[in-house]
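Each remark here refers to the structure printed beneath this line.
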Amino acid sequence: MSSAFLSKSIIIIGPAYPLRGGLASYNERLAREFMQQGHQVSIYTFSLQYPGFLFPGTTQFSTEPAPADLQIHVRINSINPFNWISVGRELKKLRPDLVVVRYWLPFMGPSLGSILRIVKQNKHTRIVCIADNIIPHEKRVGDAPFTKYFVTPIDAFITMSEKVLGDLTQFAPGKPAQFVAHPLYDNFGEKISKEEARKYLGIALDEKILLFFGFIRKYKGLDILLDAMKILKVSNEKLSLTDNLPSRADYKLLIAGEFYEDKKAYDEQIERLGIKNSLILKTAFIADSEVKYYLCAADVVVQPYRSATQSGVTPLAYHFEKPMIVTNVGGLPSLVPDDKVGLIAEPTAESIAKKIQEFFQKGAAYFLPHLIEEKKKYSWSKMVQTIFEVAGL
């Protein structure tokens, strides 16, 4: 009997409330999809996710209300081996049909790998890993052995980019693995009007708003985008006496997200470039309840990454039907068909600036029909179906 007709007991291991961020939102949304299909689901999250020296933000915890519809156990301590044994034995005894575990950072390899080894001793539970990254963006000593240790008890893998699927062959050759695009983040509310969103954020309706959204880290290329803003500013100044050109209007970059590295270098760059008046800085963590305002206020979402596997910002943009400008790195171009859903730039300030001008010359309406059609591919039901298929359930 297929999984569609037989209820399964499922445990998701990974960040969830009271932790915050994209991984927590994803795991909670995945749990709801399993529940909607008639399965019994609980989430085991971290009592201690990162030691302070590994967490660059202000806090790891949500200020939102606890989700009333989910069963979440705050149990895993990422640095306490005695805890790993305790949690492993607990899950082994529960004998779930399926464990779905998130893997995004080699630091988690020892704790999660140890827990899952114990779970596998029950000779019943199937384990599927959803891999955000196998080779991390920012490398540290121990990455390879930690990842090798983690993958050993895994039965099958889902990756959310073709690049990670390729990376996986270095660590788990021969194990079932399939790429499934990151489903839409449809748990942040429905699309609202640009007028309502900009009124909430205090942004004028006639401004051309570019959005950089999410945690600010070196590999995400915000510094490249700031250089592009300088190019656009100079270009506009040269055209200031020319009428009726779409590129004449000033562009504003809305930066919405928390610094996960020292902001001093960015402050100095902004001062040096003289672009402070071209920026709207909302550089704090964006609560789930406010995400829709930032996406819906934007004309276009810009992802100027230096490197990427995939990005959680892409499914957000799809959900709120916002065109994207992304760089030609990693898995980003395959998720954003060029000149349809958005535009593909090289990871240079000159190329990004040129694509921003091209976007506004074409207008958002040019991209909207393709966006609406393309977003149909990114469903949670497809993710669940594929998890069961690779698990052999």
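Could you count how many residues in the stretch 338-393 are under 30 Å from Phe34 (Cβ atoms) and not hydrophobic (A, V, I, L, M, F, W, C)? Quick ask: steps written out before the conclusion?
Narrowing the stretch 338-393 to residues under 30 Å from Phe34 (Cβ atoms): 341, 371-393.
Of the ones still in play, those that are also not hydrophobic (A, V, I, L, M, F, W, C) are 373-379, 381-382, 385-386, 389, 392.
Of the residues in that region, 13 qualify.
Under the condition of being under 24 Å from Ser161 (Cα atoms), touching a strand residue (DSSP E or B) at 6+ places or on another chain (Cβ under 9 Å) and of a type in the set (Lys, Arg), the residues counted in the stretch 356-393 number 0. Restricting attention to the stretch 201-223, which residues are more than 16 Å from Lys252 (Cβ to Cβ) and of a type outside the set (A, V, I, L, M, F, W, C)? Residues satisfying the conditions are Gly214, Arg217, Lys218, Tyr219, Lys220, Gly221, Asp223. The set of residues in the stretch 361-373 that are at pLDDT below 95 and surrounded by 17 or more Cβ atoms within 10 Å (Cβ to Cβ) contains only Leu371. Of all residues in the stretch 163-215, those being out of contact with any Lys or Arg (no Cβ under 7 Å at 6 or more places or on another chain), acidic (Asp, Glu) and under 24 Å from Ile352 (Cα atoms) number 1. Scanning the stretch 266-313 for residues that are aromatic (Phe, Trp, Tyr) and closer than 18 Å to Gly330 by Cα turns up just one, Tyr305. Any residue that is in a helix (DSSP H, G or I), touching a residue at least 60 places away in the same chain (Cβ under 8 Å) and of a type in the set (A, V, I, L, M, F, W, C) - is there at least one of those in the stretch 277-291? Checking the stretch 277-291: at least one residue is in a helix (DSSP H, G or I), touching a residue at least 60 places away in the same chain (Cβ under 8 Å) and of a type in the set (A, V, I, L, M, F, W, C).
Annotation note: of Lys362, Lys292, Lys355, the sole residue that is of a type in the set (Lys, Arg), more than 20 Å from the chain's Cα centre (by Cα) and closer than 28 Å to Arg217 by Cα is Lys355.
Every residue, every condition in (1) surrounded by 13 or more Cβ atoms within 10 Å (Cβ to Cβ); (2) more than 18 Å from Phe150 (Cβ to Cβ); (3) modelled with pLDDT under 95, yes or no:
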{"site": "Tyr44", "(1), (2), (3)": "yes, no, no"}
{"site": "Gln49", "(1), (2), (3)": "yes, no, yes"}
{"site": "Thr63", "(1), (2), (3)": "no, yes, yes"}
{"site": "Phe82", "(1), (2), (3)": "no, yes, no"}
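Here the stretch 316-341 is the region considered, the condition is being touching a residue at least 40 places away in the same chain (Cβ under 8 Å) and on the phi > 0 side of the Ramachandran plot, and the residue that is nearest to the chain's Cα centre (by Cα) is Gly330. Listed by first and then second residue, the pairs linking a residue in the stretch 151-175 that is touching a residue at least 60 places away in the same chain (Cβ under 8 Å) and within 12 Å of Gly330 (Cβ to Cβ) to a residue that is surrounded by fewer than 17 Cβ atoms within 10 Å (Cβ to Cβ) and not acidic (Asp, Glu), with Cβ atoms under 7 Å apart and 6 or more places separating them unless they lie on different chains, are Glu162/Ser334.
The values are calculated or read from the model by the stated rules, or taken from the named source; none is laboratory data. All figures in this text were calculated on a predicted structure; none of them were measured in a lab. A quick note on method: Cβ atoms are made from the backbone with ideal geometry, for glycine too, and the neighbour counts reach across all protein chains shown.
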